[in-house]
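Visitor: I'd like to ask you about the structure that follows.
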C-alpha cells in the first residue's frame, strides 16, 4: 500500500482545518447570539422551592414536613439522616424503630 503524496496530505490537512474552523465558528455563533444582538437570554422561571432548613427546631426540614402532610397513611418516603455520633448498629436500630422501621 502506498502512502499518500505530499500534495494529497496537504489537501486533507487543509480540509480538516477548514472543517474545524467552521465548527468553531458555528459554536461561537450559537453561544454569543444574544450578546451580539445586545439582548439578554430569556430568564427561566423555576417554581420556588421550600428552603432546606429546620426553622422550628424539631429536627425535620420544613420541606420534608410539608411533603409528609400530603402522604397517605402507610406511605413511605426515603430520607437521609445525619447523625452527630457514630452510626453503631444499636443507634441505627433505635432510630429506625422510632421512625417506624425501615
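Visitor: For region 52-82, enumerate the residues that are outside any helix (DSSP H, G or I) and in contact (Cβ under 8 Å) with a residue 12 or more places away in the chain.
Guide: Of region 52-82, the ones outside any helix (DSSP H, G or I) are 52-61, 69-82.
Those that are outside any helix (DSSP H, G or I) and in contact (Cβ under 8 Å) with a residue 12 or more places away in the chain: 77, 79, 81.
Each row is one residue, and each column tells you yes or no for (1) more than 21 Å from the chain's Cα centre (by Cα); (2) under 22 Å from residue 95 (Cα atoms); (3) at pLDDT 85 or above.
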{"position": "12", "(1), (2), (3)": "yes, no, no"}
{"position": "16", "(1), (2), (3)": "yes, no, no"}
{"position": "23", "(1), (2), (3)": "yes, no, no"}
{"position": "33", "(1), (2), (3)": "yes, no, no"}
{"position": "46", "(1), (2), (3)": "no, no, no"}
{"position": "56", "(1), (2), (3)": "yes, yes, yes"}
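Visitor: Any chance region 90-100 includes a residue that's modelled with pLDDT under 85 and part of a loop (DSSP other than H, G, I, E, B)?
Guide: yes
The values are calculated or read from the model by the stated rules, or taken from the named source; none is laboratory data. A quick note: this is a predicted structure, and the numbers were derived from the prediction, not measured. Virtual Cβ from ideal backbone geometry, glycine too; neighbours counted across all protein chains shown.
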